[in-house]
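A quick write-up on the structure given underneath.
The values are calculated or read from the model by the stated rules, or taken from the named source; none is laboratory data. Everything quoted here is computed from the prediction, not taken from an experiment. Here the Cβ positions follow ideal geometry from the backbone for every residue, glycine too, while neighbour counts run over all protein chains shown. These area figures cover heavy atoms from the full protein model, side chains too; ligands, DNA and RNA do not enter into them. Shrake-Rupley method; radii C 1.70, N 1.55, O 1.52, S 1.80 Å.
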Amino acid sequence: MKQINDFHHKKILVLGLAKSGVSAAQLLHNLGAFVTVNDSKPLDENPEAQGLLEQGITVICGSHPIELLEEGFQLIVKNPGIPYFNPMIKGAVERGIPVITEVELAYRVSEAPFLAITGSNGKTTTTTLLFDMLEVDKKKPLIAGNIGTVASNVAQVAEEDNKIVIELSSFQLMGIEKFKPKIAIITNIYEAHLDYHGTREEYAKAKGNITRNQDESDYLIVNVEQEIVMDIANSSNATIIPFSAKRELEYGAYVKDNIIYFNDQKIMALSDITYLSALNLENILSSVAAAKLSGVTNESIFAVLSTFKGVKHRLQFIKEVNGRKFYNDSKATNILATQNALAAFNEPVILLAGGLDRGNEFDELIPSLKNVKAMITFGQTAEKVEKAGKLAGIKTIKRVDNVDKAVPAAYDLSESGDVILLSPACASWDQYKTFEVRGDIFINAVHMLK
């Protein structure tokens, strides 16, 4: 870990705990900052805050008092889930107090370069594939961010010959100042998180921060088929590496004669890939590009892609019960992800969908519902999802309280040969802390079926 003086003797407020807040507070404390932690959960219900208190860090719990901002803080490190329209963050911005996220801290202390992945869909699969390729090739990767250990924890143990592979959300990317990945990937950008960002343009702007500090010595891997992504690429100073699943390119990652190429080099045949779909081909191409730029051999890439069976909660096959196949796609937190999931099946589908209401309708989902024979809905968006189902001509629609009850309800409506698919098209936060929790509840409910 680099020993830096950026935060020495600075008065810093860590707003919101969870894993990233705890790590940020501890790291800043060790770097000589005067740290105050503020979390909404009461102290007697907050073991993380209690642990920080025992380390000599000032802790204020139970509320977010706006008067805290008058105590002369020089920096705020916020939990990524706290939006910029939060009164504390608005107040900080109005007072000229810089606001960053924990990823920025990780970058500043890391001795290892970052390989960063963002996008609306495919981030987790791309991150996993790239990490696995580097691992098989003995490039000493470390995985961090949304699917790994907290970035600042990883950065503290990383050495120069490591590579930190990190999945980043738009929330995290809004809070960077110097973050400069050696390789950045933008998988795609679709309309998402509008309750947080307000507009698609602001969402895309946040995603574009991944390349904000890159220069020509760095690489930006982009989906050439998306105009909104190419707009970001055109304003970047990085060396641009395109990928396309639809056409042959002059350079970059593409498919020709059913073979994956990087530049003019054959990598492997599509027929040798175990986990292939239209969306996953894009993930594969972007991860191949990053792997080749990192010096990974074709043999290592082949070893990963010929055995990879997917990521938990992303079209994960659970089991077959009396001829019904159950799939967990809890990570489908937007409409596009559910459209891609439904496109993977030719069998009749019973769809389990619903969740956090972000203000959008589900009309875009209607064309993808042609194979859906029944729908089980839950959560804040149940009524909206049902509306789309009725417009698609689905005769059997049932509303239940939660995912736990959705599984037996779906089974009761099914018959041998059906697919029962959890693909909510919504975030989980109205009922569940994370999509992982939602998916695990689904898995458990499937195993409880008799």
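List of remarks:
- Positions within region 83-113 being of a type outside the set (Gly, Ala, Ser) and over 27 Å from residue 199 (Cβ atoms), in sequence order: 105, 107, 108, 109, 111, 113
- Where a residue in region 401-416 is open to solvent by less than 10 Å² (accessible area, probe 1.4 Å) and modelled with pLDDT of 95 or more and its partner, wherever it lies, is of a type in the set (A, V, I, L, M) and assigned to a helix (DSSP H, G or I), with Cβ under 8 Å and at least six apart: 403/441; 403/445; 406/445; 407/445; 407/446; 407/448
- Residue in region 158-180 that is surrounded by fewer than 19 Cβ atoms within 10 Å (Cβ to Cβ) and either basic (Lys, Arg) or more than 27 Å from residue 239 (Cβ to Cβ) (or both) present: yes
- Enumeration of residues in region 403-433 that are of a type outside the set (Gly, Ala, Ser) and part of a helix (DSSP H, G or I): 403, 404, 405, 407, 408, 411, 412, 413
- Checked against (1) at pLDDT 95 or above; (2) surrounded by 24 or more Cβ atoms within 10 Å (Cβ to Cβ), residue 140 passes all but a single condition, namely (2).
- Filter pass, residue 115 being part of a strand (DSSP E or B) and either open to solvent by 10 Å² or more (accessible area, probe 1.4 Å) or at pLDDT below 95 (or both): no
- Unmet requirement for residue 31, which otherwise passes all of (1) over 27 Å from the mean Cα position of the chain (by Cα); (2) hydrophobic (A, V, I, L, M, F, W, C); (3) open to solvent by 60 Å² or more (accessible area, probe 1.4 Å): (3)
- Those residues of region 148-177 which are in contact (Cβ under 8 Å) with a residue 24 or more places away in the chain and among the β-branched types (Val, Ile, Thr), in sequence order: 150, 154, 157, 164, 165, 166, 176
- Residue within region 161-169 that is closer than 17 Å to residue 311 by Cα and more than 19 Å from the chain's Cα centre (by Cα) present: no
- Filtered residues of region 123-137 (kept if closer than 23 Å to residue 205 by Cβ, open to solvent by less than 10 Å² (accessible area, probe 1.4 Å) and not β-branched (Val, Ile, Thr)): none
- Checking each residue in region 314-340 for being within 23 Å of residue 415 (Cβ to Cβ), at pLDDT 90 or above and not in a loop (DSSP other than H, G, I, E, B) picks out 318, 319, 320, 321, 324, 325, 326, 327, 328, 338.
- Selection count, region 302-313, where residues are part of a helix (DSSP H, G or I) and in contact with an Asp or Glu (Cβ under 6 Å, 6 or more places away or on another chain): 1
- Among the candidates 347, 299, residue that is surrounded by fewer than 14 Cβ atoms within 10 Å (Cβ to Cβ) and assigned to a loop (DSSP other than H, G, I, E, B): 347
- Residues of region 264-282 that turn out to be loosely packed, with under 14 Cβ neighbours inside 10 Å and under 18 Å from residue 224 (Cβ atoms), as a count: 2
- Residues that are over 22 Å from residue 166 (Cα atoms), open to solvent by less than 60 Å² (accessible area, probe 1.4 Å) and modelled with pLDDT under 95 do occur in region 187-194.
- Test result for residue 103, under 16 Å from residue 177 (Cα atoms), open to solvent by less than 30 Å² (accessible area, probe 1.4 Å), in a strand (DSSP E or B) and not acidic (Asp, Glu): no
- Filtering region 350-367 to residues that are open to solvent by 30 Å² or more (accessible area, probe 1.4 Å) and either more than 23 Å from the chain's Cα centre (by Cα) or of a type in the set (Val, Ile, Thr) (or both) leaves 363, 366, 367.
- Candidates 253, 238 - the one that is at pLDDT 95 or above, open to solvent by less than 20 Å² (accessible area, probe 1.4 Å) and farther than 24 Å from residue 314 by Cβ: 238
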